[in-house]
1. Checking the a/c ratio against 1.5 first, then a/b against b/c, what shape does the Cα gyration tensor give for the stretch 7-85?
2. Hey, in the GNM for the chain with a 10 angstrom Cα cutoff, which one of 109, 171, 259 fluctuates hardest?
3. Taking Cα atoms, how many degrees apart are the long axis of helix 73-85 and the longest axis of the chain, rounded to 10 and kept between 0 and 90?
4. Students often get this wrong, so try it: which of (1) 18.6, 56; (2) 18.0, 50; (3) 23.0, 76 is Rg and Dmax of the Cα atoms in Å as calculated from the structure shown?
5. By its C-alpha gyration tensor, with a ≥ b ≥ c as the square roots of the eigenvalues, how is the stretch 105-201 shaped: rounded for a/c under 1.5, else prolate for a/b larger than b/c, else oblate?
6. Shape verdict for the stretch 137-260, please, from the Cα gyration tensor: rounded (a/c under 1.5), prolate (a/b greater than b/c) or oblate.
7. Using per-residue counts of other Cβ atoms within 10 Å, averaged over each peptide, order 271-280, 212-221 from highest down.
8. Using the alpha-carbon atoms, what tilt in degrees (0 to 90, nearest 10) does helix 7-26 show relative to the longest principal axis of the chain?
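Quick note: the coordinates plus some simple rules give every number you see, no bench work behind them. All of these numbers come straight from a predicted model, not from anything done at the bench. Backbone-built Cβ (ideal geometry, glycine too); neighbour counts: all protein chains shown.
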């Protein structure tokens, strides 16, 4: 993962490294002593303790054993797995197909009550039609997934949309105007999708707010990467190379501020429906 992808990941790795270094200090072990006990080159201890290298689970067990702190190994391994879970490459996430990737977010959707999403390149998954979802996931599968389970993945995503009918949940969704004209499918499917967006913009679901950020000259803010904010607990970002989970409060706040700025720029109701109608009419 590129080191610039998120300070959340870097900070979590540093916390783990600090805990390992403290164990060695508490045991009165210098780096070369620890390396000797573990059978490593001293540079490996240095890299792990400064978060320049990621330890394996066996590395953590050996470190704890050398420090006489075997009882802490399980907790530290759990921390390692949490850090690894912050970043998933698409190859790793989709290695068994798209269905599993779609299912993996179900617990997150089940526990979330306040959803905020911004998309600069496609319609958010929760409000996609069946045809649009199939076209998007088929394009993903053809580009990077050897397993063809698109039909199953579409079914999982469609089933997940039932959360929209739960009045205990609220959804604030923003799309760039350019999304309305991105051709992920044929004209009939695009029209069907735009009609659904028009319905939502018209208040078809009272707990769903849909805004369109217009394309205009002199715009003060460039589009950013698409992201989802789940309550105030987590942000997920889809990047070219993988899927990033952010839990650092300061970073969540930064995305929330960006969302609020984009929401202020968006149009809603009749103005949004007018943009959607123009996009639809260009296809028929």
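1. Taking the square roots of the gyration eigenvalues as a ≥ b ≥ c, the stretch 7-85 is prolate.
2. 109
3. 30
4. (3)
5. Numbers: a/c = 1.81, a/b = 1.17, b/c = 1.54.
The shape class here is oblate.
6. Numbers: a/c = 1.25, a/b = 1.14, b/c = 1.10.
It is rounded, given that a/c, with a ≥ b ≥ c, falls under 1.5.
7. By packing density, highest mean first, the sequence is 271-280, 212-221.
8. Once rounded, the angle reads 20 degrees.
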